[in-house]
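Peer 1: One structure, as structure tokens, below. Some questions next.
The values are calculated or read from the model by the stated rules, or taken from the named source; none is laboratory data. As the structure is a prediction and not an experimental result, all values here were calculated from the model. Cβ coordinates were reconstructed from backbone atoms using ideal geometry, including for glycine residues, and neighbour counts include every protein chain displayed. SASA here: full protein model, heavy atoms, side chains in, ligands and nucleic acids out. Shrake-Rupley method; radii C 1.70, N 1.55, O 1.52, S 1.80 Å.
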Amino acid sequence: MTTARQIIEKALSHIRVRAAGEGVGGDDAEDARGVLNTMLDAWRLESLLAYATTTISATLPADTQTLNVGPAQTIAADPRPTRFEAGCFYTVGGLDYPLVGVTEAEFNAISLKATSSLGPEVFFYRPGFTTGTVSFYPRAATSVTLSLITLVQVAEFADLTTEYNLAPGYKRAIEWSLG
């Protein structure tokens, strides 16, 4: 278990701003926590910095082409994912079928989007600010269960004293990156 304060103090000792064991307090500590959280926010865009994947499940109702993604949305995810990874699928009748992510240009090249089938074959994800949108093609003729794969990454530190259990190697990576 570690705290933001411990990471900040270790990072500052690595770059010899503070002596080993010397504390950091007041506004300096809060400023450093802000920098730490900004760095972790930037890490959310890098798949190599994720420590795991998770599956978000949602229902795609029949004849629906678009669902919203984010906190309190049809596809509930907090925080909203920056992208979905390979391996997404949908389930109907106990069988799983692959979903392939495509670019915006590829999705826009589909001329007749009102086509229906057993379920969607492709999807395009547009990550907006706070809420994203996933579009599917073709439309599902019946309600299907979606399983969308996304990255799990280190969240921001709420304060300086809360203890966090970080994935193996993350404490060291954060300390050296912050320093």
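Here is a yes/no grid of residues against (1) among the acidic types (Asp, Glu); (2) modelled with pLDDT of 90 or more; (3) closer than 30 Å to residue 12 by Cα; (4) in contact with a Gly (Cβ under 9 Å, 6 or more places away or on another chain):
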| position | (1), (2), (3), (4) |
| --- | --- |
| 68 | no, yes, no, yes |
| 95 | no, yes, no, no |
| 99 | no, yes, no, yes |
| 132 | no, yes, no, yes |
| 137 | no, yes, no, no |
| 157 | no, yes, yes, no |
| 167 | no, no, yes, no |
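Peer 1: Looking at (1) small (Gly, Ala, Ser); (2) closer than 17 Å to residue 123 by Cβ; (3) not in a helix (DSSP H, G or I), which is the only condition residue 72 fails?
Peer 2: Unmet condition: (2).
Peer 1: Filtering segment 146-179 down to residues that are polar (S, T, N, Q) and farther than 21 Å from residue 102 by Cβ, which residue is least open to solvent (accessible area, probe 1.4 Å)?
Peer 2: 153
Peer 1: Filter segment 1-47 down to residues that are touching an Asp or Glu at 6+ places or on another chain (Cβ under 6 Å) and at pLDDT 85 or above and give me whichever is nearest to residue 178 (Cα to Cα).
Peer 2: 11
Peer 1: Which ones in segment 21-31 are open to solvent by 60 Å² or more (accessible area, probe 1.4 Å) and part of a helix (DSSP H, G or I)?
Peer 2: Those that are open to solvent by 60 Å² or more (accessible area, probe 1.4 Å) and part of a helix (DSSP H, G or I): 27, 28, 30, 31.
Peer 1: May I pose another question? Of all residues being outside any helix (DSSP H, G or I) and farther than 17 Å from residue 165 by Cα in segment 1-20, which is most open to solvent (accessible area, probe 1.4 Å)? Just the residue, please.
Peer 2: Step by step, filter segment 1-20, then rank; the result is 16.
Peer 1: Got a sec? Which of 72, 76, 58, 50 is crowded, with 16+ Cβ neighbours inside 10 Å and more than 26 Å from residue 114 (Cβ to Cβ)?
Peer 2: Just a single option satisfies the conditions, and that option is 50.
Peer 1: Taking segment 32-69 only, how many residues are aliphatic (A, V, I, L, M), out of contact with any strand residue (DSSP E or B) (no Cβ under 9 Å at 6 or more places or on another chain) and in a helix (DSSP H, G or I)?
Peer 2: 7
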